[in-house]
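The next block holds one structure in the form of structure tokens; read it before the comments.
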Amino acid sequence: MKQNGILKDIAQALLQGVWFVFLLFPLLVMKVSVVGGVASVTFRWTNIPLVFVAAVGGSLLWRWALRWNEQKGARDPENSLGVRIQNGVSAFLKQNRLARVVLPLLLIGALLAYPLVSGMYHTNVMISALIYVILALGLNIVVGLGGLLNLGYAAFFAVGAYTYGLLWKHTGPWLAQVGIDPSWLFWISLPFAGLVALLFGVLLSLPVLRLRGDYLAIITLAFGEIFRMVLQNSGDITGGATGISLIPRPWFFGVKLTPHMAAIYIYYITLSLVVFTIFVVRRIENSRVGRALEAMREDEIACEAMGIDLVKNKLITFALGAFWAGVAGVLLAAQTTYINPDSFTLWESIMVLMAVVIGGTGSIPGVIAGTLVLKLLPEYFRALAQYRMLLYGVAMIIVILFKSDGLIPRRRTEYRLEQEGSTSPEGHL
Amino acid sequence: MEYFLKLLLSGTTKGSIYALIALGYTMVYGVIQLINFAHGEIYMIGGFTALIFGGFLYSMGLPAPVVLLISVILAIVYAASFGFTIERIAYRPLRNKPRLSALISAIGISIVLQNFVLLAQTEKYLAYPSYLPDLPFLQPVKQYINATQFIILIVTALIMVFLTMLIKYTRIGKAMRATAQDKDMAQLVGVNINQVISITFIIGSSLAAIGGVLICSYMGQINYYIGFIAGIKAFVAAVLGGIGSIPGAVLGSFVLGWTESFGTGYLSSDYEDAFALLILVLILTVKPEGLLGKNQKQKV
């Protein structure tokens with residue numbers, strides 16, 4: 001029986017090998033080139049056996065992986081590897097007082113020491129990743145809590161970056177003349193850009209309040225792209241396609257920092273903002289507003305019937321999400337010292353959305369993990385040169401097929417009635 | 001007036017092109033409520049396949065009309081096969097999972113296909129030889145409309161009629177409508193929904209392939225990346241008309257084509273894409289379910 005099953009698998013895999021040879025034949029075997037308006041084709045026959053072997057092997061692995069995944073699904077979900085590890089760790093922490101103190105300290109230590117032990121390149125990579133963590137946490141409020149699909153998120157990111165960039169561009173030279181260091185503007189821009197982005201979020205969400213689901217997704221996409229085109233085409237104010245360059249790095253008590261020191265400094269600023277974001281987002285999640293947002297995600301009509309103001313809720317969702325994007329934008333401008341509209345394309349919005357979904361929509365540790373994976377993997381894939389993006393796509397599909405709830409799925413907060421009769425929230429993340 | 005006519009016709013051509021891609025988008029969406037981000041890539045692959053086979057057959061010395069016919073048929077076959085395979089690998093396992101997961105999977109497929117074509121073929125823009133015949137009877141009006149535009153218009157009209165008939169009057173069309181309305185109920189009354197979904201993908205991808213060949217002939221070039229932008233435009237057109245509705249997709253595409261054409265012609269050419277998106281925002285603000293979308297009652 002068992003042997004029969006394997007034979008059947010192999011037969012199926014061979015068949016699929018033939019199918020893939022057929023499917024990929026024109027693109028992989030025939031190479032087209034056009035000279036003087038006439039197309040000609042050269043054949044690369046050696047690719048056929050390669051495709052066949054790869055397809056058969058891949059198909060077998062795929063089949064077994066799917067079966068394994070199904071069996072895993074049939075088992076108790078509380079028994080899966082991820083949950084067991086989580087439970088194991090929390091049990092270990094509960095029992096072992098020392099570990100409870102030492103482990104977080106180790107983590108904090110590692111995070112603090114990272115820029116000092118790694119080079120400037122790795123520090124910069126990590127800063128970009130952390131900026132994306134802030135972005136993703138912000139988008140997680142919109143998508144994960146509110147359930148509103150936003151494909152124009154990069155626009156708010158751009159609002160933040162451009163607030164700092166323009167503020168510097170238009171007042172910097174004047175400040176320098178008066179004798180004030182313009183890098184002060186970074187600290188003013190940080191909250192200010194957040195507020196400007198928030199304002200934009202509210203303004204843009206006004207016309208879309210009636211829309212649902214995919215209509216909302218497409219209209220946010222439209223807003224994002226329109227905003228980028230406006231940035232690109234209003235050259236006198238925003239610098240047009242060339243953008244704004246030589247944006248100052250943040251002020252550090254009047255000390256002129258070397259680029260390396262500045263990178264370390266920005267790393268610490270970003271890291272503390274990430275911590276602040278996590279703190280705020282967690283507070284939101286457990287608040288009355290957070291619960292209302294989740295109710296809206298689950299069912300808008302039922303939610304409205306329960307007396308929750310949908311309009312107010314949607315505005316809050318967009319505003320909160322936009323705020324963090326604005327803050328992240330300032331950090332981006334300060335880190336790269338150069339911004340142009342190409343940094344805020346639709347692709348950027350899609351990347352952040354992918355980070356949220358692959359990490360686990362709604363789950364804070366998940367979103368952080370997802371962002372780090374998505375932003376750091378391509379850096380380490382660089383050795384694979386031109387195959388990088390191909391493998392990246394494949395990896396994404398595999399993750400989403402096998403962990404469709406994300407890497408660290410969200411565990412709902414459970415509220416239990418305690419024996420004394422008083423309700424108290426018993427939170428699991 | 002002449003300028004106006006010219007813009008109108010170029011807008012109509014653009015609209016028909018968008019319609020060919022938007023139809024596939026809207027059909028897939030109608031049946032499984034998935035924004036198939038990889039649809040644009042299927043269209044790109046259709047264009048490439050026709051270019052490859054066309055080049056090969058032409059170098060064998062076949063006459064242009066025969067080359068055109070065979071390469072279009074092969075492009076359709078391959079695009080349909082790609083569509084079928086993608087649905088089996090990347091969408092079917094996620095059918096009962098959160099909707100965002102399938103969207104991410106579609107984006108993943110889109111990245112994979114783009115980079116696959118980039119690696120297997122080329123990263124450069126290739127000139128696209130046109131095998132479309134020159135129509136002599138268009139000679140008197142050739143400053144308004146050329147042969148390629150004429151063929152695009154005719155083909156779109158034919159496909160539109162064919163699709164409407166297919167969905168209204170055939171058995172499979174009925175099965176598609178049933179699946180779109182309620183998958184579980186359709187299954188209960190004996191519709192094989194897996195088969196219906198596969199067929200939807202095959203039809204949608206075939207249309208994309210035809211679109212690919214026509215558009216590349218019209219634009220005169222192809223590249224691995226053309227699918228992304230065309231896909232977004234088609235998605236916008238489909239939503240504009242009311243996603244899931246076939247006449248809606250066509251109407252939306254024409255509105256989009258005209259807006260772009262008149263916007264660039266009379267206002268400013270810097271904002272070509274912005275006009276299209278602006279009209280989308282305006283229409284959705286007034287009519288949130290799109291031009292011809294059904295305003296479904298929401299229930300708890």
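Pick from B:SER198, B:SER268, B:SER245 the residue whose mean-square fluctuation is largest in a GNM of chain B, springs joining Cα atoms under 10 Å.
Comparing B:SER198, B:SER268, B:SER245 in a Gaussian network model of chain B, the most mobile one is B:SER268.
At a Förster distance of 45 Å, what's the computed FRET efficiency of A:GLU414 paired with A:LEU376, Cβ-Cβ distance as r, to 0.05?
For R0 = 45 Å, the calculated efficiency reads 0.85.
Rounded to a whole number of µm²/s, how large is the Stokes-Einstein D of segment A:1-152 at 20 °C and 1.002 mPa s, given Rh as the Kirkwood radius over C-alpha pairs?
On the way: Rh = 22.2 Å.
So the translational diffusion coefficient is about 97 µm²/s.
Among A:TYR380, A:TYR392, A:TYR268, determine the one that fluctuates most according to a GNM of chain A built with springs between C-alpha atoms less than 10 Å apart.
Highest fluctuation of the listed residues: A:TYR380.
Using 1/(1 + (r/R0)^6) with R0 = 51 angstrom and r between the beta carbons of A:TYR114 and B:LEU135, what's the FRET efficiency to the nearest 0.05?
After rounding to 0.05, the efficiency reads 0.15.
At a cut-off of 50 Å², which residues of segment A:38-64 become less accessible once all protein chains are present than in their chain alone, using a 1.4 Å probe?
A:ALA39
How are the C-alpha pair distances of segment B:141-300 spread across 5 Å bins, as whole percents from the shortest bin up?
The calculated distribution, bin by bin, is 2, 8, 12, 18, 19, 17, 12, 7, 4, 2, 1, 0.
Need the full-extension length gain, A:LEU14 to A:ALA65, defined as separation in residues times 0.36 nm minus the C-alpha distance. One decimal, nm.
Numbers: separation 51, 0.36 × 51 = 18.36 nm, distance 1.72 nm.
Roughly 16.6 nm would be gained on extension.
Report the label-to-label distance for A:PHE22 and B:ILE89 in nanometres (one decimal), using points 7 Å from each Cα along the Cα→Cβ vector.
1.6 nm
Viscosity 1.567 mPa s, temperature 4 °C: what is the translational diffusion coefficient of segment A:180-273 from Stokes-Einstein with a Kirkwood Rh over Cα pairs, rounded to a whole number of µm²/s?
Estimated via Stokes-Einstein, D reaches 79 µm²/s.
Counting Lys and Arg as +1 and Asp and Glu as -1, each charge on the Cβ, what is the dipole of segment A:233-340 about the Cα centre in debye, to the nearest 20?
The dipole magnitude comes to about 500 debye.
Can you tell me the alpha carbon radius of gyration of the protein assembly as shown divided by the globular rule-of-thumb value 2.2 N^0.38 Å?
Against the compact-globule rule of thumb, the ratio is 1.01.
For chain B, which semi-axes, largest first and in whole Å, follow from the square roots of 5 times the eigenvalues of its Cα gyration tensor?
Result for chain B: semi-axes of 30, 24, 18 Å.
Are there DSSP H segments in chain B that both extend 27 Å or more along their axis (alpha-carbon positions) and score a mean Kyte-Doolittle hydropathy of at least 1.6? List them, or say none.
Span-like helices, by this rule, are B:64-86, B:99-120, B:147-169, B:193-219.
Mind checking the per residue accessible area of chain A for me, 1.4 Å probe, whole number of Å²?
Working: 21240 Å² over 429 residues.
Counting only protein heavy atoms, the per-residue value for chain A is 50 Å².
How many angstrom lie between the C-alpha centres of segment A:357-388 and segment B:54-74?
Centre-to-centre (Cα) distance: 44 Å.
What is the ratio of the Cα radius of gyration of segment B:1-118 to 2.2 N^0.38 Å, with N the residue count, to two decimals?
Taking the Cα Rg and dividing by 2.2 N^0.38 Å, one obtains 1.30.
What is the distance in Å between the Cα centroid of segment B:133-212 and that of segment B:229-300?
Centre-to-centre (Cα) distance: 19 Å.
Can you tell me the accessible area per residue over segment B:1-91, all protein chains present, probe 1.4 angstrom, in square angstrom?
Per-residue value: 30 Å².
What does the buried accessible surface come to for B and A, summed over both chains, with the probe at 1.4 Å? Round to 100 Å².
Buried: approximately 5800 Å² between A and B.
Among A:VAL178, A:VAL289, A:VAL117, which one shows the biggest mean-square fluctuation in a GNM of chain A, springs joining Cα atoms closer than 10 Å?
Highest fluctuation among the options: A:VAL178.
How would you order B:206-217, A:226-237 from highest to lowest mean count of nearby Cβ atoms within 10 Å?
On the way: B:206-217: 27.7, A:226-237: 17.1.
Per-residue Cβ counts within 10 Å, averaged per peptide and sorted highest first, yield B:206-217, A:226-237.
Looking only at GluC sites (Glu not before Pro) in DSSP loops with at most 12 other Cβ atoms within 10 Å, what is the longest site-free stretch of chain A? Working shown, then result.
Numbers: sites that count: A:GLU418, A:GLU420.
The longest such stretch corresponds to A:1-417.
How about segment A:20-60: which chymotrypsin sites (Phe, Trp or Tyr not before Pro) there are in a DSSP loop, with at most 16 other Cβ atoms within 10 Å of their Cβ?
A:TRP45
In segment A:101-208, what percent of the accessible surface is made up of carbon and sulfur (1.4 Å probe, ligands and nucleic acids excluded)?
On segment A:101-208, the fraction of accessible area on carbon and sulfur atoms equals 83 percent.
The values are calculated or read from the model by the stated rules, or taken from the named source; none is laboratory data. None of the values given here were measured: they were computed from a predicted structure. All Cβ positions, even for glycine, are placed from backbone atoms using ideal geometry, and neighbour counts span all protein chains on display. Accessible surface is based on the protein model in full, side chains and every heavy atom, while ligands, DNA and RNA are left aside. Shrake-Rupley method; radii C 1.70, N 1.55, O 1.52, S 1.80 Å.
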